[in-house]
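Heads up, the thing below is written out as structure tokens.
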Amino acid sequence: MSFFKRLKEKISQQADHITEKFKEGLTKTREGFADKVNHLIAKYRKIDEDFFEELEEILISADVGFETVMELIDELKMEVKRRNIQDPKEIQDVISEKLVEIYQAGEEGSTQINIQDDKLTVILFVGVNGVGKTTTIGKLAYKYKNEGKNVLLAAGDTFRAGAIEQLEVWGERVGVEVIKQGAGSDPAAVMYDAIQAARARNADILLCDTAGRLQNKVNLMKELEKIKRVIEREIPGAPHEVLLVLDATTGQNAMVQAKTFKEATDVSGIVLTKLDGTAKGGIVLAIRNELHIPVKFVGLGEKMDDLQQFDAEQYVYGLFANLVEEDHIN
């Protein structure tokens, strides 16, 4: 059975609305990547070095990342030789299979959030200004509240003008309390207050905002270390997740941010916002393969429930949805 057939069968067993979100959310990337692959395959009668060179350019233009592209091309060449593939049409299946393999190489279940069953879960959010960090916190608060969790927000970005108020707007919209201090106050002190408030209110999840300064990496590192020390002192083992929020539309700039924050703190996962707004959705693979940080959530639209837990197979389905749904693989 081909990979596309197996993928179609597996996807059909999952929730239709999630499949539709990945399909719709990846429309721009699909048009910019999968359609180019289809045109490439139609153009060539045999698989040769020129074919692989053009495929390489398509992958790089989708921000899959240079290292990942080189690795993928090498694996495709070996697979083509091993299976004795002559017809370019047969390589579509292999490309999809390899994309899933690249992403899934690593820990199983790494897209899962480390929610604590028997104590307060503390999730710290980091990232530069303008990437959608506050919106992400609001949408996750909405998600967890709908799941019956008692959620609190901590307004730890005391540096940026309007950041506290922006988080308060989300708190009101979702119906969760925001723990705050005045602008310019010590973020670590805000975290301390938030933890005490979470305990007093028997909260299940505390979502913590932080400042997004990158101008001085040393100051950023010191501030994040202080915040983490305060949290860990109050709750051993916390924060249970440090989620780096990146804007998918910034492409390789997001990779630079990821590297900087990885050096500054122990990032446990990525939230990739605005994936629906870019044709360069290959950045998902570059982050996973080159930085070894799992993408845990992706933003696939503006609605409250458009922040979806990342799934490699749903992602590849979204990239090749038109092909997967064609009659010849039914």
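For this structure, a couple of remarks:
- Computed from the Cβ-Cβ distance with R0 of 56 Å, the FRET efficiency linking Ser12 to Glu165 stands at 0.80.
- Helix-only CD estimate at 222 nm, as mean residue ellipticity for the chain, using -39500 (n - 2.57) per DSSP H run (n ≥ 4): -15000 deg cm²/dmol
- Site pair Asp193 and Lys145 shows an inter-label distance of 2.0 nm when each label is modelled 7 Å from Cα along Cα→Cβ.
- For segment 53-99, the share of alpha carbon pairs falling in successive 5 Å distance bins from zero is 5, 21, 35, 25, 12, 3 percent.
- Amide H to amide H distances under 5 Å link Val295 with Ile270, where only residues 5 or more positions off or on other chains count and H is placed in the peptide plane.
- Of Thr134, Ile287, Ala194, farthest towards positive along the dipole that unit charges on Lys, Arg, Asp, Glu beta carbons give the chain: Ala194
- Unit charges at the beta carbon, dipole of the chain: most positive-side option, Val298, Tyr103, Pro236: Pro236
- Check: segment 1-119 dipole with +1 on Lys, Arg Cβ and -1 on Asp, Glu Cβ, in debye: 560
- Relative compactness, segment 105-260, computed as alpha-carbon Rg over 2.2 N^0.38 Å: 0.99
- Simple rule: put +1 on each Lys or Arg Cβ and -1 on each Asp or Glu Cβ in the chain, find the dipole, and look at Val316, Leu224, Leu246; the Cα lying farthest toward the positive end is Leu224.
- Between the beta carbons of Lys28 and Met221, assuming R0 = 51 Å, the FRET efficiency works out to 0.90 to the nearest 0.05.
- Sites matching trypsin sites (Lys or Arg not before Pro) across segment 1-51 that sit in DSSP coil, with at most 16 neighbouring C-beta atoms within 10 Å: Arg45, Lys46
- Length-normalised contact order for segment 162-225 - Cα pairs under 8 Å, 6+ apart - percent: 22
- Between Asp186 and Gln309, the C-beta separation translates, for a Förster distance of 41 Å, into a calculated FRET efficiency of about 0.80.
- Ranked Glu71, Glu223, criterion: other C-beta atoms within 10 Å, fewest first: Glu71, Glu223
- Under the convention that each Lys and Arg Cβ holds +1 and each Asp and Glu Cβ holds -1, the size of the dipole of segment 113-198 around its Cα centre is about 260 debye.
- For segment 165-236, trypsin sites (Lys or Arg not before Pro) meeting the loop criterion (DSSP other than H, G, I, E, B) and having at most 15 other Cβ atoms within 10 Å: Arg201, Arg213.
The numbers here are math on the coordinates, done by the rules we state, and not lab data. Keep in mind that this is a model prediction, so the values were computed, not measured. Counting neighbours? That spans all protein chains shown, and the Cβs are built from the backbone with ideal geometry, glycine included.
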